[in-house]
1. Go through the stretch 410-416 residue by residue and turn each phi into a ³J(HN,Hα) via Karplus (6.51, -1.76, 1.60, θ = phi - 60°); whole Hz please, and just put x for glycine and proline.
2. Helix-derived [θ] at 222 nm for the chain: sum -39500 (n - 2.57) over DSSP H runs of at least 4, divide by residue count, nearest 500?
3. Which loop-located GluC sites (Glu not before Pro) does the stretch 295-389 contain, where loop means any DSSP state but H, G, I, E or B and the Cβ has at most 16 other Cβ atoms within 10 Å?
4. Mind checking the full-extension length gain between Gln32 and Arg263? Use 0.36 nm per residue of separation minus the Cα-Cα distance, one decimal, nm.
5. Show me, for the stretch 380-386, the HN-Hα J-couplings you get by feeding each phi into the Karplus relation (A = 6.51, B = -1.76, C = 1.60, θ = phi - 60°), rounded to Hz, glycine and proline as x.
6. For the chain, what ratio Rg/Rh do Cα atoms give with a Kirkwood hydrodynamic radius?
7. Please identify the GluC sites (Glu not before Pro) of the stretch 176-226 that satisfy two criteria: DSSP loop assignment and at most 11 other Cβ atoms within 10 Å. Which are they?
8. Kirkwood hydrodynamic radius, computed over distinct alpha-carbon pairs, for the stretch 51-137: how many Å, to one decimal?
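Laboratory data are not the source of any read-out in this text; all were calculated from the coordinates shown. Given the structure is predicted, the values throughout are model-derived calculations rather than measurements. Here the Cβ positions follow ideal geometry from the backbone for every residue, glycine too, while neighbour counts run over all protein chains shown.
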Amino acid sequence: MNSYTSWGRYPRSHPAEVVPLSWISRIPDFNQFSHPVLVYGKGRSYGDTCLNDGGVLLDSSGLDRFIQFDTHTGVLRCESGVTLQSVLRLSLPDWFLPVTPGTQFVTIGGAIANDVHGKNHHRAGSFGCHVRSFELLRSDKGRVFCSPEENKDLFAATIGGLGLTGMILWAEFQLKRASGPWIECEQIRFEKLDTFFELSAASDENYEYTVAWLDCASAGHKLGRGIFIRGNHSSAGPQDSHGPLPLPGFEAPEMLISRPTVRAFNWAYFNSQFRESTRNRVHYEKFFYPLDRVAEWNRLYGQRGFLQYQFVVPYQNREVVAEVLDLIARSREVCTLSVLKVFGSVSSPGLLSFPRPGVTLALDFPYQGQPTLDLCERFDQVMKRNGGVVYPAKDARMSAESFQTYFPQWKELSNFLDPRFESDFWRRVTPTNGNRQ
Ligand SMILES: Cc1cc2nc3c(=O)[nH]c(=O)nc-3n(C[C@H](O)[C@H](O)[C@H](O)COP(=O)(O)OP(=O)(O)OC[C@H]3O[C@@H](n4cnc5c(N)ncnc54)[C@H](O)[C@@H]3O)c2cc1C
């Protein structure tokens, strides 16, 4: 049972029962369980959206079959437990994922339930933008086919619906044309946030993928420095060489997470890029999934686990990034990793989707008890003053009041919830209403 944790390993939660699923034709009737149910994909959510304390977890990883792949159009239909890694192994060299998060160990069901985003948000929007249809299994309605035309409200509620509208059995989505597994990428050092925003604006048109690593452990005039990474698919062959693409810190399994060690790692990473800008052609796994190279790196944080805080604020309020960095610098918390990106204006189809136009920053902190929670709470105050929103897939601690401020649509979502489905996250953020209206 203990292996059914979330990626941050905080909070700990104990399901009463785990049911491994193997066949979509033999899913047990949800009404037979005396406890609430929830589907568990690969547990790559950082907080508690994939947890169900005292309830039933339906493990979807056995639902890993491809159903149909049109190699001419790139339309793929598969069971919901298929991972992004399996899709890429099937579809390359001709087709690539339309959108991918920073790990390939995510299921299609999980990608839809959290409506995940990636480095190409400014071009492609979120994963849900590319979903054509899926079949949902509900305790009250049985199997329901959903698409933008049929049962469209349930379709929209399920994309980014945090797994609460029923179980996605299979999904069909559109892949994008690719020219092989290589990415032509460029890395550019920047010394201040203004330069990041200039680079981002200048890159949006010609680069499909953009993101930046920020040195969050530095202080004073170095605050806001980082490395901007941009890239495009390449039809040329391999030319993988040096360069600091893999993110810092996680190369050292014995790493002691403290402010001095993180500062030292960040210094080394930032300075490993000698020139202001370098170009390289790298394999897609190195470009998109640097953290996947270290298996179970989340365990480096020890028993207490870690938190990720990811927010998005409207572009005009981008000075919030500096305000948050300053709060970190003034605190005693250690920010081990921080990733910055400007989202584009492609709308997400999901009712409760997180991605929206603006600036997004993701920050990792070892969990040190109340002081870590207090810092996140201070971030929440900044978000509320600036129209910011926090990503539920990464969250383990926001208050009900914060969630309901960020996502006023939660009430509308409540109308679409499966009466048998609940999660630790939902019980936390809607404590008085429960998940049913
Ligand atoms: C290293 C790393 C990098 C990441 N980078 C990004 C990123 O760049 N962008 C981003 O958006 N996210 C990112 N994430 C978060 C991750 O992509 C999401 O949390 C994703 O939803 C996890 O998918 P999963 O299959 O592990 O699902 P789980 O975490 O197991 O579950 C997530 C939710 O999906 C629901 N669910 C799963 N399967 C089904 C189904 N068949 N039917 C209905 N509901 C279902 C669950 O009930 C739960 O609510 C990252 C995570 C890690 C560990």
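1. Once rounded to whole Hz, the list reads 4, 5, 5, 4, 4, 5, 10.
2. Numbers: 12 runs with 100 residues, N = 437.
Result for the chain, helices only: -6500 deg cm²/dmol.
3. Details: sites: Glu296, Glu319, Glu323, Glu333, Glu377; in loops: Glu296, Glu319, Glu333.
The qualifying sites are Glu296, Glu319.
4. Working: separation 231, 0.36 × 231 = 83.16 nm, distance 5.28 nm.
Using 0.36 nm per residue and subtracting the Cα-Cα distance, I get 77.9 nm.
5. 4, 4, 5, 4, 5, 6, 10
6. Details: Rg = 20.8 Å, Rh = 22.0 Å.
So for the chain, dividing Rg by the Kirkwood Rh gives 0.95.
7. Working: sites: Glu184, Glu186, Glu191, Glu198, Glu205, Glu208; in loops: Glu191, Glu205, Glu208.
Passing both the DSSP loop test and the Cβ count: Glu205.
8. Values: mean 1/r = 0.0725 Å⁻¹.
Taking every pair of different Cα atoms in the stretch 51-137, averaging 1/r and inverting gives 13.8 Å.
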